[in-house]
Amino acid sequence: MAMGIKLITKDDYPFGRANDGFFSIGSVKTKKDSLTVDELEILKNYKPEIKKGASFNTLQKAIDLFLFSYYCGGSNYIDIIQLKWEDVGKNEFTFRRTKTKDTQNENITIQLTDPIKAIIKTWGIEKSKFVFGLMNPNTNVFNRSKKQATKLNTRLREVAVQLGFRKEVQEKLSMVWARHSFATITDRKNYSLKQIGSLMGHSNTTTTENYIGSLKKEESLKMQNDL
């Protein structure tokens, strides 16, 4: 509009597409950190010892919550702690992603596979209306949520050190890696973008493609090194 009344020239236009009067802002693609298939298998089979004086195995719980996210299509931590018993049926449970609940109306359905059932059986708190008892049932507020997330990620990195994973994993491993790992590994197993995106709660395959695209860099490097 400003160019139309000659307040500015095309040289002043910062966004591109100046000729037709529209603008487009480029998106920044961030690196999606992911465990490798081998690392994930090692994590699945690792059984850390309970720490002296601890009331439960804190490292095992961190591993299991990470795997729960992974098995559930990379469910976000906030969606895991908000999962209610009333959402869980005999063979499946449903939820709506907190991140996109205002823009997408579709529920995500997760089948209760044996690993998911085992984690719920181990860590489920039946006296709470929330499956993992990580929210206050009276106020629906996270129980020390920031401290929870920080401790959980710290424990995951402690596990990574014990297992001798890559330095990057030891320093950065967090719950969000479960989501990225799900995208990586299902893509390696040749599932379609539509199938992967459906469990991840993506409204279109472009979003899923952005995950997969950045995750394939390691394959590209391997291919070039094989030349």
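The values are calculated or read from the model by the stated rules, or taken from the named source; none is laboratory data. Note that the structure is a prediction, hence the values are computed from the model and not measured. No Cβ is skipped: glycine too gets one built from the backbone with ideal geometry, and neighbour counts run over all protein chains shown.
If you check Ile185, Ile116, Ile196, Ile212 for being in a helix (DSSP H, G or I), surrounded by 14 or more Cβ atoms within 10 Å (Cβ to Cβ) and modelled with pLDDT of 90 or more, only one passes: Ile116.
Just to verify a result, which residue in the range 135-165, among those that are hydrophobic (A, V, I, L, M, F, W, C) and within 18 Å of the chain's Cα centre (by Cα), is modelled with the lowest pLDDT?
If we take residues in the range 135-165 being hydrophobic (A, V, I, L, M, F, W, C) and within 18 Å of the chain's Cα centre (by Cα), then Ala149 is modelled with the lowest pLDDT.
Here Gly201 fits the description: in contact with a strand residue (DSSP E or B) (Cβ under 8 Å, 6 or more places away or on another chain), at pLDDT below 75 and within 18 Å of Asn76 (Cα to Cα). Please specify each residue of the range 51-90 satisfying the condition of being of a type in the set (Gly, Ala, Ser), in a helix (DSSP H, G or I) and within 19 Å of Lys127 (Cα to Cα). Within the range 51-90, none qualify.
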